[in-house]
Amino acid sequence: MRMRTLVATVGVAALALTAAACGKDEPSAGGGNGGGASDSCGDLHKFTTASGVDVAGSPTFTKMKSAGKVTVGVKADQPNLGYKDADGKRCGFDIEVARMVSAGLGFDPDKIEYKEIPSANRETAIAGGEIDYYVGTYSITDKRKKQVSFAGPYFIAGQDLLVRKDDTSMDAGKTALKGKKVCSATGSTPIQRVKDEQLTEASNISEFKTYSECVSQLLDKKVDTVTTDDAILKGYAATAPDQLRVVGKPFSTEKYGIGLPLADKALRDKVNSILETSASDGTWKAIYGETLGKSGSDSTPPPLEKY
(Lines give C-alpha, C1' and ligand atoms only; values in the text may rest on other atoms or scores of the structure.)
Protein backbone atom coordinates (compact mmCIF):
# COMPACT_ATOMS: atom_id res chain seq x y z
CA MET A 1 0.00 0.00 0.00
CA ARG A 2 1.62 3.21 -1.19
CA MET A 3 0.80 5.43 1.77
CA ARG A 4 1.82 2.85 4.37
CA THR A 5 5.13 2.43 2.58
CA LEU A 6 5.58 6.18 2.63
CA VAL A 7 4.92 6.71 6.32
CA ALA A 8 6.82 3.58 7.33
CA THR A 9 9.91 4.71 5.43
CA VAL A 10 9.79 8.18 6.92
CA GLY A 11 9.08 6.77 10.37
CA VAL A 12 12.29 4.76 10.36
CA ALA A 13 14.26 7.83 9.31
CA ALA A 14 12.62 9.93 12.02
CA LEU A 15 14.20 7.80 14.75
CA ALA A 16 17.58 9.19 13.82
CA LEU A 17 16.79 12.71 12.71
CA THR A 18 17.35 14.47 16.04
CA ALA A 19 20.97 13.44 16.12
CA ALA A 20 22.06 13.65 12.50
CA ALA A 21 23.01 16.34 10.09
CA CYS A 22 21.34 15.24 6.91
CA GLY A 23 23.31 16.29 3.85
CA LYS A 24 22.36 15.70 0.25
CA ASP A 25 24.19 12.34 0.14
CA GLU A 26 22.39 10.85 3.13
CA PRO A 27 20.25 7.73 2.47
CA SER A 28 16.66 8.45 1.55
CA ALA A 29 14.03 9.24 4.15
CA GLY A 30 11.06 8.98 1.86
CA GLY A 31 9.37 10.19 -1.28
CA GLY A 32 9.38 13.51 -3.01
CA ASN A 33 6.85 15.90 -4.46
CA GLY A 34 4.14 14.31 -2.35
CA GLY A 35 4.75 10.89 -3.84
CA GLY A 36 5.82 7.56 -2.45
CA ALA A 37 9.35 6.55 -1.54
CA SER A 38 10.06 5.34 -5.07
CA ASP A 39 9.07 8.62 -6.77
CA SER A 40 11.69 11.05 -8.06
CA CYS A 41 11.82 14.74 -7.29
CA GLY A 42 12.63 15.49 -10.89
CA ASP A 43 14.52 18.66 -11.75
CA LEU A 44 14.81 21.26 -9.03
CA HIS A 45 14.40 24.96 -9.82
CA LYS A 46 17.45 26.62 -11.34
CA PHE A 47 18.56 29.60 -9.28
CA THR A 48 21.30 32.05 -10.19
CA THR A 49 23.76 32.39 -7.32
CA ALA A 50 24.34 36.05 -6.49
CA SER A 51 27.90 37.34 -6.48
CA GLY A 52 29.62 39.94 -4.32
CA VAL A 53 27.04 39.66 -1.54
CA ASP A 54 27.81 41.26 1.80
CA VAL A 55 25.50 41.52 4.79
CA ALA A 56 27.20 44.08 7.00
CA GLY A 57 26.56 43.63 10.69
CA SER A 58 25.37 40.02 10.42
CA PRO A 59 27.34 37.57 12.60
CA THR A 60 25.45 34.68 11.02
CA PHE A 61 26.47 35.72 7.51
CA THR A 62 30.07 36.13 8.66
CA LYS A 63 29.95 32.57 10.01
CA MET A 64 28.54 31.28 6.72
CA LYS A 65 31.27 33.05 4.74
CA SER A 66 33.92 31.58 7.00
CA ALA A 67 32.48 28.08 6.64
CA GLY A 68 31.96 28.50 2.90
CA LYS A 69 28.50 27.01 3.12
CA VAL A 70 24.98 27.44 4.45
CA THR A 71 23.47 25.11 7.05
CA VAL A 72 19.68 25.02 6.87
CA GLY A 73 17.18 23.37 9.18
CA VAL A 74 14.34 21.57 7.40
CA LYS A 75 11.75 18.84 7.71
CA ALA A 76 11.76 15.63 5.70
CA ASP A 77 8.30 14.16 6.21
CA GLN A 78 6.03 16.66 4.46
CA PRO A 79 4.95 15.85 0.89
CA ASN A 80 5.12 18.84 -1.48
CA LEU A 81 6.80 20.92 1.23
CA GLY A 82 9.92 19.25 2.60
CA TYR A 83 10.75 15.71 1.48
CA LYS A 84 13.41 13.37 0.11
CA ASP A 85 13.05 11.03 -2.84
CA ALA A 86 14.47 7.51 -3.16
CA ASP A 87 17.84 8.95 -4.18
CA GLY A 88 18.02 11.26 -1.18
CA LYS A 89 17.27 14.41 -3.18
CA ARG A 90 15.26 16.96 -1.25
CA CYS A 91 12.02 18.25 -2.73
CA GLY A 92 9.18 20.64 -2.05
CA PHE A 93 8.22 24.27 -1.68
CA ASP A 94 10.11 24.82 1.58
CA ILE A 95 13.24 23.25 0.12
CA GLU A 96 13.01 25.54 -2.91
CA VAL A 97 12.57 28.56 -0.63
CA ALA A 98 15.67 27.49 1.32
CA ARG A 99 17.61 27.13 -1.93
CA MET A 100 16.38 30.48 -3.21
CA VAL A 101 17.58 32.24 -0.05
CA SER A 102 20.95 30.48 -0.24
CA ALA A 103 21.42 31.65 -3.84
CA GLY A 104 20.40 35.18 -2.89
CA LEU A 105 23.01 35.19 -0.14
CA GLY A 106 25.69 34.15 -2.61
CA PHE A 107 25.95 30.44 -1.79
CA ASP A 108 25.44 27.63 -4.31
CA PRO A 109 22.06 26.12 -3.32
CA ASP A 110 23.23 22.68 -4.44
CA LYS A 111 25.83 22.73 -1.67
CA ILE A 112 23.51 23.45 1.26
CA GLU A 113 24.08 21.31 4.33
CA TYR A 114 20.64 20.27 5.56
CA LYS A 115 19.76 19.30 9.11
CA GLU A 116 16.42 17.72 9.93
CA ILE A 117 15.08 19.45 13.03
CA PRO A 118 11.92 18.28 14.86
CA SER A 119 9.33 20.96 15.62
CA ALA A 120 10.11 21.00 19.33
CA ASN A 121 13.83 21.69 18.73
CA ARG A 122 13.68 24.53 16.21
CA GLU A 123 14.26 27.47 18.56
CA THR A 124 17.14 25.66 20.27
CA ALA A 125 18.80 24.82 16.95
CA ILE A 126 18.56 28.42 15.71
CA ALA A 127 19.57 30.10 18.98
CA GLY A 128 22.44 27.66 19.51
CA GLY A 129 23.94 28.24 16.07
CA GLU A 130 23.39 24.65 14.94
CA ILE A 131 21.78 26.01 11.77
CA ASP A 132 21.99 29.35 9.97
CA TYR A 133 18.29 29.54 9.17
CA TYR A 134 15.23 27.29 9.23
CA VAL A 135 12.62 26.72 6.51
CA GLY A 136 9.96 24.17 7.36
CA THR A 137 6.31 25.18 7.89
CA TYR A 138 7.47 27.37 10.78
CA SER A 139 4.58 29.52 12.00
CA ILE A 140 5.39 33.06 13.08
CA THR A 141 4.12 33.61 16.63
CA ASP A 142 4.72 36.27 19.28
CA LYS A 143 5.97 33.59 21.67
CA ARG A 144 8.59 32.34 19.22
CA LYS A 145 9.69 35.88 18.39
CA LYS A 146 11.02 36.11 21.93
CA GLN A 147 13.58 33.41 21.07
CA VAL A 148 14.18 33.75 17.32
CA SER A 149 13.40 36.22 14.56
CA PHE A 150 11.49 35.68 11.33
CA ALA A 151 11.75 36.85 7.75
CA GLY A 152 8.52 36.65 5.82
CA PRO A 153 5.92 35.36 5.87
CA TYR A 154 6.52 33.53 2.60
CA PHE A 155 3.30 31.47 2.75
CA ILE A 156 -0.01 31.50 4.63
CA ALA A 157 -1.81 28.29 5.60
CA GLY A 158 -4.63 27.35 7.98
CA GLN A 159 -5.01 24.59 10.55
CA ASP A 160 -7.32 21.80 9.37
CA LEU A 161 -8.09 18.10 9.94
CA LEU A 162 -6.94 15.00 8.06
CA VAL A 163 -9.37 12.10 8.46
CA ARG A 164 -10.02 8.69 6.98
CA LYS A 165 -12.01 9.11 3.78
CA ASP A 166 -15.11 7.28 5.03
CA ASP A 167 -15.27 9.17 8.35
CA THR A 168 -17.71 12.10 8.18
CA SER A 169 -18.03 12.64 11.93
CA MET A 170 -15.66 15.64 11.93
CA ASP A 171 -16.92 17.44 8.85
CA ALA A 172 -18.03 20.37 11.01
CA GLY A 173 -14.38 21.09 11.78
CA LYS A 174 -12.85 21.85 15.16
CA THR A 175 -16.22 21.90 16.97
CA ALA A 176 -16.55 18.17 16.27
CA LEU A 177 -13.32 17.15 18.03
CA LYS A 178 -14.73 16.51 21.51
CA GLY A 179 -14.24 12.84 22.32
CA LYS A 180 -11.99 12.34 19.27
CA LYS A 181 -8.41 11.13 19.38
CA VAL A 182 -6.26 13.90 17.90
CA CYS A 183 -2.65 13.62 16.78
CA SER A 184 -0.03 16.21 15.84
CA ALA A 185 3.69 16.94 16.11
CA THR A 186 5.27 17.64 19.47
CA GLY A 187 5.93 21.35 20.00
CA SER A 188 3.83 22.43 17.03
CA THR A 189 1.43 25.38 16.97
CA PRO A 190 -1.55 23.16 15.98
CA ILE A 191 -1.31 20.81 18.95
CA GLN A 192 -0.88 23.78 21.31
CA ARG A 193 -4.08 25.28 19.90
CA VAL A 194 -5.94 22.00 20.54
CA LYS A 195 -4.76 22.14 24.16
CA ASP A 196 -5.36 25.85 24.72
CA GLU A 197 -8.88 25.74 23.28
CA GLN A 198 -9.62 22.35 24.90
CA LEU A 199 -10.93 21.05 21.60
CA THR A 200 -10.70 17.49 22.91
CA GLU A 201 -9.90 15.88 26.22
CA ALA A 202 -6.23 15.82 27.28
CA SER A 203 -6.30 12.02 27.37
CA ASN A 204 -7.24 11.98 23.68
CA ILE A 205 -4.18 13.93 22.52
CA SER A 206 -1.23 12.09 20.97
CA GLU A 207 2.05 13.74 20.01
CA PHE A 208 4.90 12.43 17.87
CA LYS A 209 8.12 13.90 16.51
CA THR A 210 6.84 13.84 12.93
CA TYR A 211 3.49 14.19 11.20
CA SER A 212 4.15 11.00 9.25
CA GLU A 213 3.96 9.05 12.51
CA CYS A 214 0.56 10.61 13.16
CA VAL A 215 -0.61 9.66 9.66
CA SER A 216 0.46 6.08 10.32
CA GLN A 217 -1.60 6.14 13.53
CA LEU A 218 -4.58 7.45 11.57
CA LEU A 219 -4.34 4.70 8.95
CA ASP A 220 -4.10 2.11 11.72
CA LYS A 221 -7.23 3.60 13.37
CA LYS A 222 -5.35 4.39 16.57
CA VAL A 223 -6.32 8.07 16.29
CA ASP A 224 -9.31 9.74 14.65
CA THR A 225 -7.62 12.71 13.04
CA VAL A 226 -4.31 14.41 12.37
CA THR A 227 -4.30 18.17 12.72
CA THR A 228 -1.82 20.66 11.34
CA ASP A 229 -1.66 23.20 8.55
CA ASP A 230 -3.76 22.42 5.48
CA ALA A 231 -0.75 22.68 3.16
CA ILE A 232 0.86 19.73 4.96
CA LEU A 233 -2.34 17.72 5.16
CA LYS A 234 -3.10 18.15 1.47
CA GLY A 235 0.26 16.64 0.69
CA TYR A 236 -0.53 13.51 2.68
CA ALA A 237 -4.05 13.26 1.29
CA ALA A 238 -2.66 13.48 -2.24
CA THR A 239 -0.51 10.41 -1.62
CA ALA A 240 -3.52 8.31 -0.55
CA PRO A 241 -6.69 9.82 -2.02
CA ASP A 242 -8.62 6.55 -1.60
CA GLN A 243 -7.89 6.45 2.13
CA LEU A 244 -7.50 10.01 3.38
CA ARG A 245 -9.06 13.43 2.89
CA VAL A 246 -8.82 16.93 4.34
CA VAL A 247 -12.01 18.18 6.01
CA GLY A 248 -11.58 21.65 4.51
CA LYS A 249 -12.70 23.76 7.48
CA PRO A 250 -9.55 25.71 8.43
CA PHE A 251 -9.67 27.31 11.86
CA SER A 252 -6.52 29.41 12.03
CA THR A 253 -4.15 31.52 10.01
CA GLU A 254 -0.60 30.17 9.96
CA LYS A 255 2.05 32.51 8.60
CA TYR A 256 5.15 30.56 7.58
CA GLY A 257 8.39 32.41 8.21
CA ILE A 258 12.10 31.75 7.83
CA GLY A 259 13.56 31.28 11.29
CA LEU A 260 16.71 33.30 12.02
CA PRO A 261 18.84 34.18 15.05
CA LEU A 262 17.03 36.63 17.30
CA ALA A 263 19.49 39.55 17.22
CA ASP A 264 20.54 39.28 13.56
CA LYS A 265 18.40 42.05 12.09
CA ALA A 266 20.83 42.58 9.21
CA LEU A 267 20.34 39.04 7.97
CA ARG A 268 16.56 39.26 8.50
CA ASP A 269 16.42 42.38 6.36
CA LYS A 270 18.49 40.72 3.64
CA VAL A 271 16.32 37.59 3.57
CA ASN A 272 13.20 39.76 3.42
CA SER A 273 14.73 41.53 0.43
CA ILE A 274 15.28 38.17 -1.29
CA LEU A 275 11.65 37.20 -0.63
CA GLU A 276 10.43 40.57 -1.88
CA THR A 277 12.35 40.16 -5.12
CA SER A 278 11.00 36.63 -5.62
CA ALA A 279 7.44 37.94 -5.34
CA SER A 280 7.99 40.71 -7.90
CA ASP A 281 10.03 38.81 -10.49
CA GLY A 282 7.85 35.69 -10.64
CA THR A 283 10.23 33.30 -8.88
CA TRP A 284 7.83 32.68 -5.99
CA LYS A 285 5.00 31.75 -8.36
CA ALA A 286 7.34 29.50 -10.34
CA ILE A 287 8.54 27.44 -7.37
CA TYR A 288 5.01 27.26 -5.95
CA GLY A 289 3.73 25.91 -9.26
CA GLU A 290 6.50 23.30 -9.34
CA THR A 291 5.67 22.04 -5.83
CA LEU A 292 2.53 22.87 -3.81
CA GLY A 293 0.74 24.06 -6.92
CA LYS A 294 0.61 20.48 -8.18
CA SER A 295 -2.22 19.94 -5.69
CA GLY A 296 -4.39 22.11 -7.92
CA SER A 297 -4.65 24.95 -5.40
CA ASP A 298 -3.49 28.39 -6.52
CA SER A 299 -1.75 30.87 -4.23
CA THR A 300 0.02 34.22 -4.23
CA PRO A 301 2.98 35.49 -2.19
CA PRO A 302 1.76 37.17 1.02
CA PRO A 303 2.84 40.66 2.09
CA LEU A 304 5.96 40.70 4.25
CA GLU A 305 5.77 41.75 7.89
CA LYS A 306 9.04 43.60 8.40
CA TYR A 307 10.18 44.68 11.85
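The values are calculated or read from the model by the stated rules, or taken from the named source; none is laboratory data. As the structure is a computational prediction, the values presented were derived from the model and not from experiment. Methodologically, a virtual Cβ is constructed for each residue, glycine included, from the backbone with ideal geometry; neighbour enumeration extends over all protein chains shown. Each accessible area value is taken on the protein alone, full model and side chains, heavy atoms only, with ligands, DNA and RNA left out. Shrake-Rupley method; radii C 1.70, N 1.55, O 1.52, S 1.80 Å.
Take the conditions (1) over 22 Å from Pro79 (Cβ atoms); (2) crowded, with 24+ Cβ neighbours inside 10 Å; (3) touching a Leu at 6+ places or on another chain (Cβ under 7 Å); Asp160 misses just one of them, which is (1). Within region 90-101, does at least one residue satisfy the condition of being at pLDDT 95 or above, at positive phi and either of a type outside the set (Ser, Thr, Tyr) or buried (at least 22 other Cβ atoms within 10 Å of the Cβ) (or both)? Checking region 90-101: not a single residue is at pLDDT 95 or above, at positive phi and either of a type outside the set (Ser, Thr, Tyr) or buried (at least 22 other Cβ atoms within 10 Å of the Cβ) (or both). With respect to (1) over 17 Å from Gln78 (Cβ atoms); (2) within 17 Å of the chain's Cα centre (by Cα); (3) surrounded by fewer than 21 Cβ atoms within 10 Å (Cβ to Cβ); (4) not charged (D, E, K, R), the lone exception for Ile126 is condition (3).
Is it the case that Asp242 is surrounded by fewer than 18 Cβ atoms within 10 Å (Cβ to Cβ), assigned by the TED database to the domain that holds Thr168 and more than 16 Å from the chain's Cα centre (by Cα)?
yes
Got at least one residue in region 217-235 being open to solvent by 20 Å² or more (accessible area, probe 1.4 Å), part of a strand (DSSP E or B), among the hydrophobic types (A, V, I, L, M, F, W, C) and touching a Leu at 6+ places or on another chain (Cβ under 7 Å)? No, the conditions are met nowhere in region 217-235. Here is the figure for region 177-222: residues that are touching a residue at least 40 places away in the same chain (Cβ under 8 Å) and acidic (Asp, Glu) total 1.
The residue that is most open to solvent (accessible area, probe 1.4 Å), counting only those in region 275-307 that are in a loop (DSSP other than H, G, I, E, B) and under 21 Å from Tyr83 (Cβ atoms), is Gly296.
Comparison of Ser51, Ser119 shows that the only residue that is more than 17 Å from the chain's Cα centre (by Cα) and either open to solvent by 40 Å² or more (accessible area, probe 1.4 Å) or not aromatic (Phe, Trp, Tyr) (or both) is Ser51.
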